[in-house]
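One structure below.
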Amino acid sequence: MTQATQNPVDIINARVTGYKDLQMLLVDQEGIIEQILPMDTVGKDICASAIDVAGDWISLGGVDLQINGALGLAFPDLTAENAHVLQKITQFLWDVGVDGFLPTLVTTSVEKIQRSLAVIADIIPCQQAGAKILGVHLEGPCLNYHKCGAHPAEYLLPLTIDEVKRVLGDYAHVVKVITLAPELDPTGEVIPYLRSLGITVSLGHSQATSAQAQLAFELGATMVTHAFNAMPPLHHREPGLLGAAITHSDVMCGFIADGEHVSPTMLQILLRASYEEKGLFLVSDALSPLGLPDGVYPWDSREIEVKNGTARLADGTLSGTTLPLLVGVQNLVKWGICDVETAILLATDAPRQAIGLSGIAKSQPANLLRWHWDEARKELTWQRLLS
């Protein structure tokens, strides 16, 4: 994933996400951030070849913790025969500003889950250029039938340690995040078991009450999957899963900013209530037609129709988007929901924080994005800076 440079590079007059005032970044010949220094502490002897970004924002690339496929390949359909497409997907995601991602396996048969996990387990140790696979997100199959949404109900499983072991098989080390409905486990044993394996537990596709969600957080769950979607709405007498998450300082909620999954007004409420990037992170929830034009595409044994980047089943059920992650950043700014820095952080630093990775800092690969806000056009654009 690291894009090494030919020579050391100085980047000056940069607004670095998470840092105050203008900064100077020193990048060594291996493409590693050597220093991040305030411009007012830097002497006048700046290298003539320095890149002056003139107050533009600099960030790491995005991290997508919920993406179901791209370029026509759904990750649950991975096989040894089509594994080469995954390398094309990693390059495509790099080109749309993503540094790392969790291939997300939605509810399907245990056999298909195991097959996809086996392919990804073989690919992770020998990844080449492109966005890095950081592990797998299992979205199911232990979900609540009444909130399964587009997940095929015939493959839903009970939430027990034995069923979880059957799903994980020999590939627990590959799985980074699991989405589950905590109310399906009255014993309270599954979440601590998953945490003992180093797997982050996310609550979603659930009917959990606020009390049930709070218990799940006490047991070790630290995330919520696509806030507002496939869960009870916020209610003034029963705040539910989402209300419990918003008010819990150690829980982060993923959310989709395509304008279809959640109203921009509700997103504004969510961001204000959740202390923005401290409690939230952007996901794409993109489906396999990501990178392809609108149209009708196969989706497990069914079909989805994609119009203007939104995918629905034949009965109208919302199933996902085909918009890249960073479109969500641009939407948040365009809708006036948050400032530029906050929007960028929600797709770059915040998802890293959710899975225990650090934001932009010394000694990291300089996989940098340059963001420019055009005040006249009210438009936010980005580009890869050193690649």
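The values are calculated or read from the model by the stated rules, or taken from the named source; none is laboratory data. Just so you know, these numbers come straight off a predicted model, no measurement behind them. Here the Cβ positions follow ideal geometry from the backbone for every residue, glycine too, while neighbour counts run over all protein chains shown. Calculation scope for accessible area: heavy atoms of the full protein, side chains included, ligands and nucleic acids excluded. Shrake-Rupley method; radii C 1.70, N 1.55, O 1.52, S 1.80 Å.
If you filter the stretch 279-288 down to residues that are among the aliphatic types (A, V, I, L, M) and more than 16 Å from ILE337 (Cα to Cα), you find that the one that is surrounded by the fewest Cβ atoms within 10 Å (Cβ to Cβ) is LEU287.
Among the conditions (1) farther than 23 Å from VAL98 by Cα; (2) surrounded by 21 or more Cβ atoms within 10 Å (Cβ to Cβ), the only one that THR321 does not satisfy is (1). Filtering the stretch 289-309 to residues that are farther than 19 Å from LYS88 by Cα and open to solvent by less than 20 Å² (accessible area, probe 1.4 Å) leaves ILE304, VAL306, GLY309. Restricting to the stretch 46-85, count the residues that are out of contact with any strand residue (DSSP E or B) (no Cβ under 7 Å at 6 or more places or on another chain) and open to solvent by less than 10 Å² (accessible area, probe 1.4 Å). The number of residues fulfilling the criteria is 2. When only residues in the stretch 220-252 that are touching a residue at least 40 places away in the same chain (Cβ under 8 Å) and small (Gly, Ala, Ser) count, which is farthest from LEU325 (Cα to Cα)? The extreme case among them is ALA245. Taken as a whole, the structure places LEU326 among residues that are over 24 Å from ASP250 (Cβ atoms) and open to solvent by less than 20 Å² (accessible area, probe 1.4 Å). Looking at THR265, THR222, just one residue is open to solvent by 10 Å² or more (accessible area, probe 1.4 Å) and closer than 23 Å to PRO141 by Cα, and that residue is THR222. In the stretch 135-155, the residue that is nearest to GLN212 (Cα to Cα) out of those that are touching a Leu at 6+ places or on another chain (Cβ under 7 Å) and free of Cβ contacts under 8 Å to residues at least 40 places away in the same chain is TYR145.
Against the condition β-branched (Val, Ile, Thr), open to solvent by 10 Å² or more (accessible area, probe 1.4 Å) and free of Cβ contacts under 8 Å to residues at least 24 places away in the same chain, how does THR41 come out, does it pass? Yes: the conditions hold for THR41.
Residue count for the stretch 121-152 under the criterion of being under 30 Å from LEU368 (Cα atoms) and open to solvent by 10 Å² or more (accessible area, probe 1.4 Å): the result is 11. Looking only at the stretch 175-194, residues that are surrounded by fewer than 21 Cβ atoms within 10 Å (Cβ to Cβ), in contact with a helix residue (DSSP H, G or I) (Cβ under 8 Å, 6 or more places away or on another chain) and at negative phi come to 4 in all. On inspection, PHE255 passes the criterion of being free of Cβ contacts under 8 Å to residues at least 40 places away in the same chain and within 23 Å of ALA286 (Cα to Cα).
Is one or more of the residues making up the stretch 153-164 touching a helix residue (DSSP H, G or I) at 6+ places or on another chain (Cβ under 6 Å), surrounded by fewer than 15 Cβ atoms within 10 Å (Cβ to Cβ) and of a type in the set (Val, Ile, Thr)? For the stretch 153-164, residues touching a helix residue (DSSP H, G or I) at 6+ places or on another chain (Cβ under 6 Å), surrounded by fewer than 15 Cβ atoms within 10 Å (Cβ to Cβ) and of a type in the set (Val, Ile, Thr): present. Please identify the pairs in which a residue from the stretch 175-186 that is more than 17 Å from ILE199 (Cα to Cα) and in contact (Cβ under 8 Å) with a residue 40 or more places away in the chain has its Cβ atom under 9 Å from the Cβ atom of a residue that is open to solvent by less than 10 Å² (accessible area, probe 1.4 Å) and hydroxyl-bearing (Ser, Thr, Tyr), counting only partners at least 6 apart or on another chain. Correct list of pairs: LEU184/SER206. Here the condition is being charged (D, E, K, R), open to solvent by 10 Å² or more (accessible area, probe 1.4 Å) and at negative phi; of GLU238, GLU276, it holds for GLU238 alone. Those helices (runs of 4 or more DSSP H) of the stretch 257-356 that lie entirely within it include none in which at least 3 residues are closer than 30 Å to ALA14 by Cα and among the charged types (D, E, K, R). The set of residues in the stretch 335-387 being closer than 16 Å to SER274 by Cβ, surrounded by 15 or more Cβ atoms within 10 Å (Cβ to Cβ) and not polar (S, T, N, Q) consists of ILE337, CYS338, ALA343, LEU345, LEU346, ALA347, ASP349, ALA350, PRO351, ALA354. The single condition among (1) within 21 Å of ILE120 (Cβ to Cβ); (2) in contact (Cβ under 8 Å) with a residue 40 or more places away in the chain; (3) surrounded by fewer than 17 Cβ atoms within 10 Å (Cβ to Cβ) that LEU197 does not satisfy is (2).
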